[in-house]
There are 2 protein chains.
Amino acid sequence: MPGIIKERLYTPGPTPLLMQAQARTLAAANVHHRTEAFRKILTETLELLKYYFNTKNDVLVFASSGSGAMEGAVSNLLSPGERILVGTAGKFGERWLSLAQAYGIEAVKVESPYGQPVNIEEMKQKLAQDGPFRAVYIQATETSTAVMNDVESLGEAVKDYPETCLVVDAITGLGTTDLRPDEWGLDIVIGGSQKAVMIPPGLAFVSVSEKAWHLIAQAKLPRFYFDFAKERKNQAKGETAYTPATTLILSLHAALEYIRELGRENLIANAALLAALTREAAKALGLPLFAACSPANAVTAVCAPEGMDSGAIIKELRNRFGAIVANGQGSMKGKIFRLAHLGYFDTADLFAVVAALEIALLKLGYKLELGSGVRAAQQAYLRLVN
Amino acid sequence: MPGIIKERLYTPGPTPLLMQAQARTLAAANVHHRTEAFRKILTETLELLKYYFNTKNDVLVFASSGSGAMEGAVSNLLSPGERILVGTAGKFGERWLSLAQAYGIEAVKVESPYGQPVNIEEMKQKLAQDGPFRAVYIQATETSTAVMNDVESLGEAVKDYPETCLVVDAITGLGTTDLRPDEWGLDIVIGGSQKAVMIPPGLAFVSVSEKAWHLIAQAKLPRFYFDFAKERKNQAKGETAYTPATTLILSLHAALEYIRELGRENLIANAALLAALTREAAKALGLPLFAACSPANAVTAVCAPEGMDSGAIIKELRNRFGAIVANGQGSMKGKIFRLAHLGYFDTADLFAVVAALEIALLKLGYKLELGSGVRAAQQAYLRLVN
């Protein structure tokens with residue numbers, strides 16, 4: 001080993017942990033979930049989640065990864081024979097299609113190429129011409145391509161259909177973009193713990209509107225562990241239907257207190273700033289962004305130079321600098337690398353990884369002026385921050 | 001506050017945490033699940049789980065509570081129109097019936113009163129006369145009543161039916177009773193993290209036999225998050241289909257290393273010893289056991305004295321001594337209290353809680369000779385331990 005190398009996650013989940021939240025789990029040796037003390041913690045946590053989600057709707061928590069809550073957003077809303085509309089432009093959009101297939105539900109898809117946002121106008125057309133759809137599914141930000149979708153416009157459109165719910169996977173969207181579930185009509189919004197909320201994986205969150213509860217009451221697909229109505233009843237009393245992941249809930253409570261103090265808008269602005277700086281750095285280094293437009297704040301997907309495998313860049317970053325950066329998924333593997341900004345990242349983290357990236361690229365034979373990426377980020381910082 | 005009171009869990013899950021395992025979660029700040037380092041941890045953990053389960057079958061891990069894996073044992077095995085046989089004598093047996101109902105599966109039940117074991121002879125008769133059943137469901141130990149079931153005999157019987165699987169909820173049975181899945185034909189065995197494995201809630205485990213895989217390949221109920229075949233494929237490579245609960249997996253790895261060192265049989269013997277000592281103490285104090293026969297090693301259910309609410313005993317134990325003891329569930333609430341022995345409990349823990357219990361009972365007006373319960377436990381200790 002050439003010297004001290006601190007490992008740092010620059011990945012879009014798991015993200016760096018808020019250590020004061022993590023420390024709570026060590027204090028959890030005596031926590032039992034069927035006690036007044038834990039009911040108080042859970043009740044407060046669910047209230048704090050409403051603040052984090054920016055909603056007055058019920059927010060529920062599950063011991064699972066975000067995909068579990070995605071499954072719940074299918075099994076709780078639909079009955080056999082009903083149809084859904086899916087907007088997809090990446091690996092997570094495709095998960096809605098896999099879910100529909102698993103439950104034998106016909107999905108009409110509006111598909112854009114990787115790197116593009118979902119075409120919302122086309123979704124509106126389909127809604128008007130190909131319905132009825134019981135639910136519409138989309139990502140707030142598609143993590144695999146680092147593209148943001150216009151869920152506000154889609155929400156406004158779905159509002160016109162009283163028997164149709166809008167489901168938004170905001171697993172990386174929460175805490176990184178302005179989302180207004182109540183105002184925009186985002187009936188079900190899904191989040192996960194290992195993202196902007198800065199704690200380890202193992203919890204999923206879901207907000208549910210009154211409109212969605214109305215449809216859930218009629219839906220006949222089978223569900224048990226992810227039964228939203230059952231959890232609503234339990235969680236209103238500070239309980240969960242099945243044993244909750246107590247240590248993660250304690251961490252979540254602490255992290256949400258931190259976010260409450262920081263301010264939801266400041267958490268979002270932080271990601272937006274880091275994303276903007278990253279884009280400037282990439283531009284200065286001559287590296288194209290993968291997002292053709294509407295780049296996400298949560299994560300930036302940068303294309304590797306022509307003829308260079310992004311995996312080689314990622315390897316240099318890890319081996320030399322301990323910086324763990326995500327590769328592309330599926331057909332994007334080897335072509336892009338993804339730098340995350342969601343949650344517990346700061347400007348210094350960004351300067352560090354850009355400087356490291358410059359050296360990695362240089363070592364791999366790419367021509368660049370050392371410091372030019374960092375300088376571009378610094379200049380953007382001075383322009384954007386007082 | 002009258003003085004220092006250390007809170008201690010005597011509950012059948014969550015159980016006291018193995019602190020050296022818990023500490024691993026704090027070292028997890030840089031863990032990403034799609035890395036060689038994590039794949040190695042997960043692969044080792046799954047191997048250690050096989051040791052813990054005492055099986056050569058595949059063992060899978062899920063980010064969920066044990067109930068999630070119970071759902072998977074229904075949705076992965078069955079097709080619409082198939083029938084199942086359920087042995088039930090408590091709240092967890094009834095969960096199998098709720099699951100069958102959620103999936104529209106007809107369940108034939110063999111039901112015993114709370115406090116009795118499931119009648120295995122009756123199950124064998126039903127198997128022979130009322131079949132075909134695609135699967136048979138039972139608890140190794142029914143936590144709500146603290147009764148152990150004879151899954152060995154049931155396994156021997158189900159072996160005769162090549163198209164029928166035996167599913168055993170061993171969430172509190174693992175690490176507390178001798179289970180031999182391969183020898184006895186326990187096709188699917190389910191465990192959870194907050195039990196004898198001494199770590200927080202949030203993980204479920206499931207072992208799957210070749211016979212079960214054969215039926216799973218034909219089963220048509222919908223499943224996604226708890227898709228066993230998909231996880232088998234992923235976990236064989238040290239991956240998971242969806243983001244794993246990384247910190248809990250690190251804790252699990254550490255706890256299983258401890259169990260490997262301690263020896264699975266010694267972990268089981270420890271629970272058996274503590275259960276035996278508890279029964280002697282209860283007898284000396286004139287408190288009947290709730291289990292008419294076949295008391296579990298995992299937990300002992302003790303009846304409150306005639307006319308006394310078990311909740312009052314539990315409250316005294318908590319307020320005076322910080323000892324957190326479980327009440328009965330459902331119709332057993334107020335009648336029994338449950339002292340757990342699964343996982344990280346030792347003899348000194350038991351002496352402490354029995355002495356505390358004597359004072360609690362005395363304060364509530366129960367006539368007893370102080371020290372008589374402890375003495376009976378001590379005498380049993382001297383009889384049973386070298």
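Tabulated data
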| item | result |
| --- | --- |
| Boolean, residue B:28 is crowded, with 16+ Cβ neighbours inside 10 Å and more than 7 Å from every other protein chain (Cβ to nearest Cβ) | no |
| Segment B:134-163: number of residues that are surrounded by fewer than 23 Cβ atoms within 10 Å (Cβ to Cβ) and assigned to a loop (DSSP other than H, G, I, E, B) | 7 |
| Some residue of segment A:35-45 being out of contact with any strand residue (DSSP E or B) (no Cβ under 6 Å at 6 or more places or on another chain), without any contact (Cβ under 8 Å) to a residue 24 or more places away in the chain and part of a loop (DSSP other than H, G, I, E, B) | yes |
| When residues of segment B:93-109 are limited to those that are closer than 23 Å to residue B:149 by Cα and touching a Leu at 6+ places or on another chain (Cβ under 8 Å), the one surrounded by the most Cβ atoms within 10 Å (Cβ to Cβ) | B:107 |
| Top-ranked residue in segment B:240-296 [being within 14 Å of chain A (Cβ to nearest Cβ), in contact with a strand residue (DSSP E or B) (Cβ under 8 Å, 6 or more places away or on another chain) and among the polar types (S, T, N, Q); ranked as nearest to residue B:44 (Cα to Cα)] | B:240 |
| Members of segment A:324-348 found to be farther than 16 Å from residue A:291 by Cβ and among the charged types (D, E, K, R), listed by number | A:333, A:346 |
| Selected residue [within 14 Å of chain A (Cβ to nearest Cβ), under 22 Å from residue B:158 (Cα atoms) and in contact (Cβ under 8 Å) with a residue 12 or more places away in the chain] from B:197, B:206, B:189 | B:206 |
| Boolean, residue B:17 is under 28 Å from residue B:141 (Cβ atoms), in contact (Cβ under 8 Å) with a residue 24 or more places away in the chain, crowded, with 16+ Cβ neighbours inside 10 Å and more than 10 Å from chain A (Cβ to nearest Cβ) | no |
| Hey, residue B:241 within 29 Å of residue A:248 (Cα to Cα) and either part of a helix (DSSP H, G or I) or at pLDDT below 95 (or both) or not | no |
| From B:68, B:87, B:173, residue being in a strand (DSSP E or B) and touching a helix residue (DSSP H, G or I) at 6+ places or on another chain (Cβ under 9 Å) | B:87 |
| Filtered residues of segment A:356-386 (kept if of a type in the set (Val, Ile, Thr) and buried (at least 18 other Cβ atoms within 10 Å of the Cβ)) | A:374 |
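A quick yes/no check of all residues on (1) closer than 18 Å to residue A:216 by Cβ; (2) within 10 Å of another protein chain (Cβ to nearest Cβ):
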| position | (1), (2) |
| --- | --- |
| A:32 | no, yes |
| A:37 | no, yes |
| A:43 | no, no |
| A:56 | yes, no |
| A:61 | yes, no |
| A:68 | yes, yes |
| A:74 | yes, yes |
| A:82 | yes, no |
| A:90 | no, no |
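The values are calculated or read from the model by the stated rules, or taken from the named source; none is laboratory data. None of these values were measured; they are calculated from a predicted model. With ideal geometry, Cβ positions are generated from the backbone for all residues, glycine too; neighbour counts draw on all protein chains shown.
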